[in-house]
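Below is one structure, written out as structure tokens; the observations come after it.
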Amino acid sequence: MRLTLNARAPELLAQGVGERWMSFLADCVGSRSVDYGQVVLDGNINHSTSLDAGLGRTFITSIKESAKFLRGYGWITLCPKVLADRLGGGAGLEASGAFVAVRTLDSGDVLMLATAIPREFDQEALRRVWRAVAPVLPPGLPEVTVGYEHNEVIYEDAADVK
């Protein structure tokens with residue numbers, strides 16, 4: 001599952017919108033575990049996540065390795081249970097301080113909201129999310145891709161995060 005929104009729309013800037021999108025995603029997946037989900041604000045509408053694009057990974061490879069690596073991260077990220085467990089589960093992700101809301105679903109998958117509203121999701125917030133999920137991100141140094149200069153990606157190797 002992947003969802004991209006245009007955060008410039010005024011109704012997406014209202015207080016509480018993040019919680020509403022989290023509830024929407026939770027309702028969509030129900031009790032089923034999924035490989036990955038996100039609400040991104042960077043305008044990337046490709047099948048590949050922004051991280052995949054930066055790493056030069058195809059979306060097929062990304063999907064095949066989704067039990068090993070988180071496919072990306074953004075304003076709202078849905079992390080599958082198998083990877084969330086490696087991050088300490090919902091409690092560990094909440095303790096990271098990177099998110100304003102963390103919700104563990106019936107499946108064990110974890111929904112994480114970085115900021116209450118999209119306009120608060122700046123480079124600093126993106127970096128906090130990246131640091132919190134770095135242990136389950138694919139290794140490699142992302143590169144800026146022409147046409148994707150504004151993708152929500154930290155251009156550092158997550159394997160170097162201590």
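The values are calculated or read from the model by the stated rules, or taken from the named source; none is laboratory data. What you see is a predicted model, and the numbers here were worked out from it, not measured in a lab. Every residue, glycine as well, gets a Cβ built from its backbone with ideal geometry; the counts of neighbours run over all protein chains shown. All accessible areas refer to the heavy atoms of the entire protein, side chains included, with ligands and DNA or RNA removed. Shrake-Rupley method; radii C 1.70, N 1.55, O 1.52, S 1.80 Å.
Expressed as a fraction of 2.2 N^0.38 Å, the C-alpha radius of gyration for the chain is 0.94. Given their separation in residues at 0.36 nm each and the Cα-Cα distance between them, ASP85 and HIS150 gain 20.3 nm when the chain is fully extended.
Per-residue SASA remark: ILE63, around 80 Å² accessible (1.4 Å probe; ligands, DNA and RNA not included). Taking Cβ atoms as reference points and 13 Å as the exclusive limit, the residues near PRO135 contribute a net charge of +1, counting Lys and Arg as +1 and Asp and Glu as -1. Database remark: amide H of PHE99 closer than 5 angstrom to no amide H (H placed geometrically; neighbours at sequence offset of 5 or more, or on other chains; Pro and chain starts carry no H).
When its C-alpha radius of gyration is set against 2.2 N^0.38 Å (N residues), region 22-87 gives a value of 1.09. Between the listed residues PRO118, GLY147, PHE24, the Cα displaced farthest toward the positive end of the dipole of the chain, a dipole computed from Cβ unit charges relative to the Cα centre, is found at PHE24. Taking label points 7 Å from Cα along the Cα-to-Cβ direction, LEU141 and ARG119 give a separation of 3.7 nm. Could you please state how large a percent of the accessible area of the chain is carbon and sulfur, counting protein chains only and using a 1.4 Å probe? Of all accessible area on the chain, carbon and sulfur atoms account for 53 percent. Surface analysis of the chain yields an accessible area of 49 Å² per residue, using protein heavy atoms and a 1.4 Å probe.
Annotation: extensible slack from THR61 through PHE24 equals 10.6 nm (criterion: 0.36 nm per residue apart, minus Cα-Cα distance).
Reachable aspartates and glutamates from LYS162, Cα under 19 Å, same-chain residues fewer than 8 places away excluded? The reachable aspartates and glutamates, counting only those whose Cα sits under 19 Å from LYS162, are ASP85, GLU94, GLU124.
Computed over the chain with a Gaussian network model linking Cα atoms closer than 10 Å, the most mobile of GLU124, GLU143, GLU152 is GLU124.
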